[in-house]
Amino acid sequence: MQDTMIFREIPLQRPNTPMLDRIGSPADIRQLPADQLTQVARELRSFLLWSVGTTGGHFGAGLGVLELTVALHYVFNTPEDRLVWDVGHQAYPHKILTGRREQMGSIRRKNGLAGFPKRTESPYDTFGVGHSSTSISAALGMAIASNQQGLKRKSIAVIGDGAMTAGMAFEALNHAGHLKADMLVILNDNDMSISRNVGGLSNYFAKLLSSRTYHQMRDSSKKVLEIAPGLRELAKKTEEHFKGMIAPGTLFEELGFNYIGPIDGHDLPLLVETLENIRELSGPQFLHIVTTKGKGFAPAEADPIGYHAINKIEPLAATTASSANPTPVKAGPAAPKYANVFGQWLCDAAAADERVMGITPAMCEGSDLLAFAERFPERYFDVAIAEQHAVTLAAGMACDGAKPVVAIYSTFLQRGYDQLIHDVAIQNLDVLFAIDRAGLVGEDGPTHAGAFDISYLRCIPNMVLMTPSDENETRQLLHTGLVHEGPAAVRYPRGSGSGVEIDPLLHTLPMGKGRVVRERKSASGRIAILNFGTLLPRALQAAQALDATVADMRFVKPLDEDLIRQLAEQHDLLVTLEENAIAGGAGSAVCEWLNQEEIIMPVLQLGLPDKFVDHGSRDQLLEECGLDAATIERSITGRVQRLVSRPGKAAQSF
Ligand SMILES: Cc1ncc(C[n+]2csc(CCOP(=O)(O)OP(=O)(O)O)c2C)c(N)n1
């Protein structure tokens, strides 16, 4: 039976949690009598609310799996038994119970706990995550490895109904069923992705719940688990056949899993009992639990989309709200952000051209497609977490005269890379990629950083690749990409622009042409900064101090070769600047071209280093990577000094 206390407010003071405070690791939970677990869950919920209220971060998903987290660590022998969380945004309760309670205040901050499971952080984090739908493959791999070593450890994947929409999850289920692997997949079904979950699978789960056989199935599922071990296999066969005929769990049964459920994922005693039974079974097990995203916090239960993640409660807000309802500030744009510029542009483009289609792989809110979805519902496609499908779907649309725009984060486009090459670029199809969160993303860390798109896109024939330097240029280059007949991509970062005025008209900017935004004033110190993207204000600041020329290159592909030649002729040092890996990035494109033209001159390439950059605020991380104005200036000065100390042509001009 459910026993969840419903909070209406986030506790502003650390709650009193005597039982939770005694839990240093899951081994301590396993010492407790089962009837005390509900109290642990209650204390855990109040602690979680307080702690995320203090730091901000992912909110609804953790509350939804809180009872499951307690039950899993109680029933299974973690970390020896392997527990893999899909996406990982729901792992806050797991972190609290696995020895990191007192560090929760540092979550998502520089040098603090990561917002997702991370292998180097804890042995309980068995697999690093951030991108969705990897858990079943990873848990299966672990099951195979431990089986090979003759170990009896258990392998468990917890996956949401949103993450389950990705093909990868089914590839893994298919394989696990084939291998008859000893593993447990737990489907956490809350009918939500970040937005409401979409598609046939979501309807299927809904049918499963409303099925008239629901209670009957629940009972029979439990019954089969209670049968004496000797008879279990025989009984299971009969049961499976019976279930296959009447129960909608057939899909998973057909893939080779023993489907159990659906059961109430907030009913802790039932979860414990069910998991204890399943623990004794061999072969692939599939447990379907039903939960509420944001469970136990009334505002989040009512608005699971708004409370997917929250900002921390600011002290001021906390004091003013203390007399009324202290509710957290929902994460969301206050000032215009690049995503908003895109959302507005797409609406304008769609109004002007009825061939324009908008596609998102489950990131409607993040990509700011809400207005477009509302105004042009018949041209809006949320394909669920299916980046590969999103790209090939666009290719198909383009084959038949539509003008698809794929709104996708840089990091998630990595999933659709083969589709981009094979289905779009080889056929030179007219697809525009609006690549959001390009560059460092901050608190979400390396799993979400858009560090590689310039490198992985510029090597593809037929691609046009644009790096606008501000909001207005983003809008105009999106238009330029849409007008261009062939594959094109515009990359822009997370967060807000520099506040430039946005031209409501749409202009086609000259293809492959940059512009000089600052000319050096004096004859000496001949430095030219070739800027690719939104670090332009920093480039200008450094250039002011160094009296350097600055070019806003706009295009990585095609490169403005005339401009590079001219800058090379008139300067002694070229500096390339981008928020992408230096390896293979825009600076590399410049160097390749200079080399090809046999123009020999020093080039300083500034960008992201050859390492994964951990989480922290975006500004902190940019500084760490040497991409703040002061460090850009220092790096250039350092290079100039080294050039000066060397005899040769360049040295004479500085
Ligand atoms: C490959 C990939 N695409 C998109 C995302 C962004 N994303 C993070 S959580 C999420 C929704 C996941 O829904 P579900 O698995 O049902 O978990 P819930 O939040 O409902 O608990 C999405 C789309 C991602 N993490 N990975």
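The values are calculated or read from the model by the stated rules, or taken from the named source; none is laboratory data. Small disclaimer: the values here were computed from a predicted structure and weren't measured. Note that each Cβ is placed from the backbone with ideal geometry, even for glycine, and that neighbours are counted across all protein chains shown. Surface areas here come from the heavy atoms of the whole protein model, side chains and all, with no ligands, DNA or RNA. Shrake-Rupley method; radii C 1.70, N 1.55, O 1.52, S 1.80 Å.
For region 373-387, indicate whether the set of residues that are open to solvent by less than 40 Å² (accessible area, probe 1.4 Å), in contact (Cβ under 8 Å) with a residue 24 or more places away in the chain and assigned to a helix (DSSP H, G or I) is non-empty.
There is at least one residue in region 373-387 that is open to solvent by less than 40 Å² (accessible area, probe 1.4 Å), in contact (Cβ under 8 Å) with a residue 24 or more places away in the chain and assigned to a helix (DSSP H, G or I).
Can you tell me which residues in region 122-138 are open to solvent by less than 40 Å² (accessible area, probe 1.4 Å) and more than 15 Å from the ligand (Cβ to nearest atom)?
SER122, TYR124, ASP125, THR126
Considering region 139-167 alone, what residues qualify as being surrounded by fewer than 20 Cβ atoms within 10 Å (Cβ to Cβ) and within 16 Å of the ligand (Cβ to nearest atom)?
GLY167, the sole residue that qualifies.
Residues checked against (1) hydroxyl-bearing (Ser, Thr, Tyr); (2) modelled with pLDDT under 95; (3) surrounded by 23 or more Cβ atoms within 10 Å (Cβ to Cβ); (4) more than 29 Å from ARG379 (Cα to Cα):
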| residue | (1), (2), (3), (4) |
| --- | --- |
| LEU270 | no, no, no, yes |
| VAL290 | no, no, no, yes |
| GLU301 | no, no, no, yes |
| GLU314 | no, yes, no, yes |
| VAL329 | no, yes, no, yes |
| ALA351 | no, no, no, no |
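Looking at region 214-222, is at least one residue modelled with pLDDT of 95 or more, open to solvent by 10 Å² or more (accessible area, probe 1.4 Å) and away from the ligand (no atom under 16 Å from the Cβ)?
No, region 214-222 contains no residue that is modelled with pLDDT of 95 or more, open to solvent by 10 Å² or more (accessible area, probe 1.4 Å) and away from the ligand (no atom under 16 Å from the Cβ).
Somewhere in region 582-593, is a residue assigned to a strand (DSSP E or B) and open to solvent by less than 10 Å² (accessible area, probe 1.4 Å)?
no
If we scan region 474-481, do we find a residue that is modelled with pLDDT of 95 or more, within 23 Å of LEU546 (Cβ to Cβ) and of a type in the set (D, E, K, R)?
no
Looking only at region 353-372, which residues are outside any strand (DSSP E or B), within 16 Å of the ligand (Cβ to nearest atom) and surrounded by 15 or more Cβ atoms within 10 Å (Cβ to Cβ)?
Across region 353-372, the qualifying residues are PRO361, ALA362, MET363, CYS364, GLU365, GLY366, SER367, ASP368, LEU369.
If we only count strands (runs of 3 or more DSSP E) wholly inside region 444-522, which ones have 2 or more residues that are within 30 Å of GLY130 (Cα to Cα) and hydrophobic (A, V, I, L, M, F, W, C)?
464-466, 488-491
I need the full set of residues from region 88-142 which are over 24 Å from ILE23 (Cβ atoms) and without any contact (Cβ under 8 Å) to a residue 24 or more places away in the chain, in order please.
Passing the criteria: only GLY141.
Report, ordered by the first and then the second residue, all pairs with beta carbons closer than 6 Å, sequence separation of six or more or different chains, a first member in region 162-176 that is under 20 Å from GLY88 (Cβ atoms), and a second member that is open to solvent by 10 Å² or more (accessible area, probe 1.4 Å) and more than 14 Å from the ligand (Cβ to nearest atom).
Here the result reads LEU173/LEU255, each pair linking region 162-176 to a residue that is open to solvent by 10 Å² or more (accessible area, probe 1.4 Å) and more than 14 Å from the ligand (Cβ to nearest atom).
Would you say ALA41 is of a type outside the set (Phe, Trp, Tyr), under 17 Å from VAL185 (Cα atoms) and either part of a helix (DSSP H, G or I) or free of Cβ contacts under 8 Å to residues at least 40 places away in the same chain (or both)?
The answer is no for ALA41.
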